[in-house]
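One structure is given here, and the rest of the page talks about it.
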Amino acid sequence: MFVVVLGAIGFASIVVVFHYPGLQLPDSKQFQLFQTSHPFEQYDIVYRGKFLFERFGKDIGTGSRMPLRWVWGVKAIDNGNHMDPTSKGYLVFDEKFTVSKQNSQLWLAGFCARIKAQPFFQQTLGPLLPNCFIESFKMYMSRRCVDHIDKINRSPCCESSKFPYKKEIFEFCIIKAIESLYQTSRQVFMPGVAGPKFLRSATPPTVAAMVVEFESVVPYSMSYTAMNDFYVQVETWTQQELKNAPPEMQGGWFLSDLQFYDLQKTLASGTVMALGLSASLGFIVLIPATLSLVVSICALAAMIFSATVTIAILVLNGWKLNILESVAISTSAGLAVDFSLHYALSYTNANGVKSARVKYALSASAGPTAAAALTTGFAGIFLLRSNLLPYSQIGSFLALIMVVSWTYATFFLCSLLQLFGCSSLKESLHEERKSVSRVSSVCSGVPNLESHELEHLADSNRTNVTHSHSPSNVSATTVILHDDYENSLNKVLKPSVTNKIVSEND
């Protein structure tokens, strides 16, 4: 009965965790630190949108917009050391990239124009000098060639050159244009990441990379759903545009402030992987500990069901997969294996038929595992009343994993061992000793020998005496107690002494 009921619950929990509703990512716009009933969280959840200054985005944390950045000339390769937070790696340049060709100039100008027609583009008042530099470069190249006041001849970087510009003219004039741009007043132009990027080691400088940047209508949010919709929309449009780009411009890629979104996305895939890895490591520990494949598989099933049932209850309770939740889920398999390992070891150490081995495992491990579950579970229960959401979640997780893992280890695992376990072929030393007769006689023929051999058995406090005195020369070994041995010895010695005295008198 336990196998059927708990097994059905276990399979249902697998559906809940991995299919529907599954591990859900946070959809709140703010990172929640307190319980939902706390006034701070009530303001973020209920009242924030009712204030005019909040809706207009005067709060810097919620009013910032997601930037739209497209990068060319540098490949999207992360070659830094992931184990060293200070390691930033090195740039890998796209050798095919060049913006100086006429086809590239035409496509880039059209790309910037099509961006402004998209629903995610934020209309901005004022000049956007570096955002799409090809537009400001065209304005720079539309100047008169001769300045009669300053008596300056700007050729070929003037209206005499027509867009798209020749490669030689573009490479020469883009340096002049950026130099002039950086001499602009800061009230009009503030240097940033957008614009062409020149290779420092080249002489004369050449455009090695390029960044096009605009602002989107999407505000920054910690909601995974909102950020995922934004990223998918812009990325899909970008890939469609790059398909029609010239070969030297097809290596571009989209970028925005998606660090937290990337973390959430990694948690979604990495948590399931970590759960599977924990279960695999638990199975690796079970194999050498139990030295039985059947027992290890049964313990692994109990461990997996313990973890999935715990996670399923948390998911149905409204847990969202954030940083703390992912850590708890990753450790659930490790916490669930302890009780199953205790029962498995007790079962393998027992002898006899499988029913007797299961009874021994229950009698030996039920008490200690229950005590361990109670102590850890009560530690979690004491944290449930905390106002801090992480503490409360840790408490509920500890209490739940202890109850579920102990239940599955005690009832589900032991029932599986009762059904699929095997009897032990080992015989105990106690049974071997019982098979030896305590009063048996072993006869052996020793010709022409009359002797008394006494041997003391230290382990059983008994004495073996070999007495051969019969005419048929047959000796017998009899196990007697010490008192009987002394009486028999006196009887044997008295005739010998009497015969000796008689012989002396003679």
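Read-outs throughout are calculated quantities, based only on the coordinates presented, and are distinct from any laboratory measurement. Everything numeric here is computed off the predicted structure, so don't read it as measured data. Note that each Cβ is placed from the backbone with ideal geometry, even for glycine, and that neighbours are counted across all protein chains shown.
When each of the peptides 216-222, 391-397, 109-115 is scored by how many other beta carbons lie within 10 Å of its residues on average, the order from highest to lowest is 391-397, 216-222, 109-115.
Peptides 398-404, 27-33 ordered by packing proxy, namely the average of other Cβ atoms within 10 Å per residue, highest first: 398-404, 27-33.
Taking square-rooted eigenvalues a ≥ b ≥ c of the alpha carbon gyration tensor, is segment 5-97 rounded, prolate or oblate, where a/c under 1.5 means rounded and, failing that, a/b exceeding b/c means prolate? Write out the running numbers ahead of the final one.
Details: a/c = 2.61, a/b = 1.18, b/c = 2.21.
Verdict is oblate for segment 5-97.
Relative contact order of segment 258-380, please, whole-number percent, based on alpha carbon pairs below 8 angstrom and at least 6 residues apart. Could you put the intermediate results ahead of the total?
Numbers: 89 pairs, mean separation 34.5, N = 123.
For segment 258-380, the relative contact order is 28 percent.
When N counts the residues of segment 275-410, how does its alpha-carbon radius of gyration compare numerically with 2.2 N^0.38 Å, as a ratio?
That ratio works out to 1.10.
The simple spin-label model puts a point 7 Å past each Cα toward its Cβ; for residue 31 and residue 179 those points are separated by 4.6 nm. The modelled label-to-label distance between residue 266 and residue 391, using points 7 Å beyond Cα along the C-beta direction, is 2.9 nm.
With a simple spin-label model that places each label point 7 Å from the Cα along the Cα-to-Cβ direction, the separation between residue 65 and residue 118 comes to 1.3 nm.
Once the Cβ-Cβ distance between residue 203 and residue 48 is put in as r, and R0 is 60 Å, what FRET efficiency do you end up with, to the nearest 0.05? All intermediate terms of the calculation are to be shown ahead of the outcome.
Working: r = 55 Å, r/R0 = 0.92.
Taking R0 as 60 Å, the efficiency between residue 203 and residue 48 is 0.65.
For segment 306-331, the residues whose backbone nitrogen is under 12 Å from a point 7 Å from the Cα of residue 228, taken along Cα to Cβ, are 321. Fraction of C-alpha pairs exceeding 28 angstrom in segment 152-289: 49 percent, rounded to a whole number. With neighbour counts taken as other beta-carbon atoms within 10 Å, the residues 92, 212 rank, fewest first, as 92, 212.
For 230, 51, 254, what ranking results if the residue with the fewest other Cβ atoms within 10 Å of its Cβ goes first? Mind dumping the intermediate values first?
On the way: 230 22, 51 12, 254 19.
With the fewest neighbours first, 230, 51, 254 line up as 51, 254, 230.
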